[in-house]
Amino acid sequence: MDFLRQFFSNKIIGISALAWLIAQIIKIIIDLIKSKTIDWRLITSSGGMPSSHSSFVTSLATSIGIAKGFDSPEFAITFVLCMVVMYDAAGVRRAAGKQAAVINDIADIMENYGFQMDENLKELLGHTPVEVAAGAMLGILLSVVMNLYT
């Protein structure tokens, strides 16, 4: 049980989780402004503005840098992880989303010939570079503020 107590009292995990949650809530607010309805499913969705993946990992890296030093091996590890996650969000997953859109379009055309897909593929998987940058700025800012005032 000591493991659970340590895990849930870990300040860095808490700050990172808060950065993720705030990014997801911002997505809901942006969608509310656009659609005039609240879509609670967005709380766990990927894609959109800002990137919660980016806010999560940048808050982690920033908190580690503040706690252990920006020249520490721990910061180096989290920084590299951060770069991989953000590259994946804006590169690989975004490309997969574009491919899903094309496949969905082809499936729509093929319906005229009797082809039926059970469901459309999810198209909003990745992020634009602006969404990644916004998520990164959110994560860094939140981490700095939380580490200064807690």
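Each reported figure results from applying straightforward, stated rules to the coordinates on display, with no laboratory input. Bear in mind the structure is a predicted one, so any value in this text is a computation, not a measurement. Note: ideal-geometry Cβ built from the backbone for every residue, glycine included; neighbour counts use all protein chains shown.
Some observations on this one:
- When shorter helices are ignored and each DSSP H run of at least 4 residues is given -39500 (n - 2.57), the per-residue value for the chain at 222 nm works out to -24000 deg cm²/dmol.
- Per residue, the convex hull volume that the Cα atoms of the range 1-45 enclose (Å³): 71 Å³
- Projected onto their three principal axes, the Cα atoms of the range 34-89 cover extents of 46, 21, 15 Å, largest first.
- Virtual spin-label span in nm between R5 and V80, 7 Å along Cα→Cβ: 3.5 nm
- FRET efficiency estimate (nearest 0.05) - Cβ-Cβ, A107 to L148, R0 41 angstrom: 0.20
- A simple packing score, the average count of other Cβ atoms within 10 Å per residue, orders the peptides 42-49, 134-141 as 134-141, 42-49, with the highest score first.
- Over the chain, relative contact order from alpha-carbon pairs under 8 Å, at least 6 apart, %: 31 percent
- For the range 1-104, the convex hull drawn through the C-alpha positions has a volume of 135 cubic angstrom per residue.
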